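The values are calculated or read from the model by the stated rules, or taken from the named source; none is laboratory data. All values reported here derive from a predicted model rather than from experimental measurement. For neighbour counting, all protein chains shown are included, and Cβ atoms are generated from backbone atoms with ideal geometry for every residue, glycine included. In case anyone asks, the SASA skips ligands and DNA or RNA and just uses the protein heavy atoms, side chains included. Shrake-Rupley method; radii C 1.70, N 1.55, O 1.52, S 1.80 Å.
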Amino acid sequence: MNHPRRVNFLYLKLTKIIWYVVVLGWAIIRTLAVRTVFEKNGVNPWVYLAIDLAASVPYARFTHQLVLTYFEKDWPRFKRAVVISVITFYAPDLYILLVAKQVPGVVYAGFFLILATFSAFAVFGIYRKIKPRPPK
């Protein structure tokens, strides 16, 4: 593989393991927030956690792959990684939208604001990792 030296750490197994731990840990933190905000509106936090954990494994795998395939210029695998990353990113939130009952408008507004904020952070984080930088 001929990739820039500054991204060699992305190919380490330890990097991949750390990314999985971060993503799975974030799923648990999100579940605590969902429990606090949406449990009283019909959202089962344990079902949410199960969906989030199930989605987090492919999300971690394919966001990692997304960055690597970008550097390798493997566009078919890159496109596949983007699609799977997007689907798995939003899957747990779709569960909330499908099962929540009688949620006040302000809660939905906050939900969508937080969803938009974290979507922006995800896109920015990936962009920051893959944007070209001038050689040193």
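Which entry is the computed Rg/Rh (Cα atoms, Kirkwood Rh) for this structure: [x] 1.36; [y] 0.97; [z] 1.04?
Evaluating Rg/Rh (Cα atoms, Kirkwood Rh) on these atoms matches [z].
Using the alpha-carbon atoms, what tilt in degrees (0 to 90, nearest 10) does helix 13-38 show relative to the longest principal axis of the chain?
The two axes meet at around 20 degrees.
Go through Ile28, Tyr127, Leu49 and say which Cα lies farthest out towards the positive end of the charge dipole of the chain; charges sit on Cβ, +1 for Lys and Arg, -1 for Asp and Glu.
Ranked along the dipole, the leading option is Tyr127.
From the helices alone, meaning DSSP H stretches of at least four residues, give me the mean residue ellipticity at 222 nm for the chain, per-run term -39500 (n - 2.57), in deg cm²/dmol to the nearest 500. Spell out each step's value before the answer.
Working: 4 runs with 105 residues, N = 136.
It lands at -27500 deg cm²/dmol.
For helix 45-72, what angle does its Cα long axis make with the longest principal axis of the chain, in degrees from 0 to 90 and rounded to 10?
20 degrees
Near Asp93, within a Cβ-to-Cβ distance under 15 Å, what is the net charge of the other residues, with Lys and Arg +1 and Asp and Glu -1?
On the way: positive: Arg30, Arg35; negative: Asp52.
Around Asp93, the charge tally is +1.
Carbon and sulfur: what percent of segment 1-113's accessible surface (1.4 Å probe)? Present the calculation step by step, with values, prior to reporting the outcome.
Numbers: 4940 of 6950 Å².
On segment 1-113, the fraction of accessible area on carbon and sulfur atoms equals 71 percent.
Please compute the per residue accessible area over the chain with all protein chains in place, 1.4 Å probe, rounded to a whole number of Å². List each step's numbers first, then the result.
On the way: 8910 Å² over 136 residues.
Ligands and nucleic acids excluded, the figure is 66 Å² per residue.
Quick one: helix 75-99 against the long Cα principal axis of the chain, what's the angle to the nearest 10°, folded into 0 to 90?
10 degrees
Please give the charge dipole size of the chain, origin at the Cα centre, charges +1 on K and R Cβ atoms and -1 on D and E Cβ atoms. Round to the nearest 20 debye. Walk me through the numbers on the way to the answer.
Working: 18 positive and 5 negative charges, 148 e Å.
Dipole of the chain, to the nearest 20 debye: 720 debye.
Among Thr15, Ser85, Phe62, which residue has its Cα positioned farthest towards the positive end of the charge dipole of the chain, with +1 placed on the Cβ of Lys and Arg, -1 on the Cβ of Asp and Glu, and the dipole taken about the Cα centre?
Most positive-ward Cα: Thr15.
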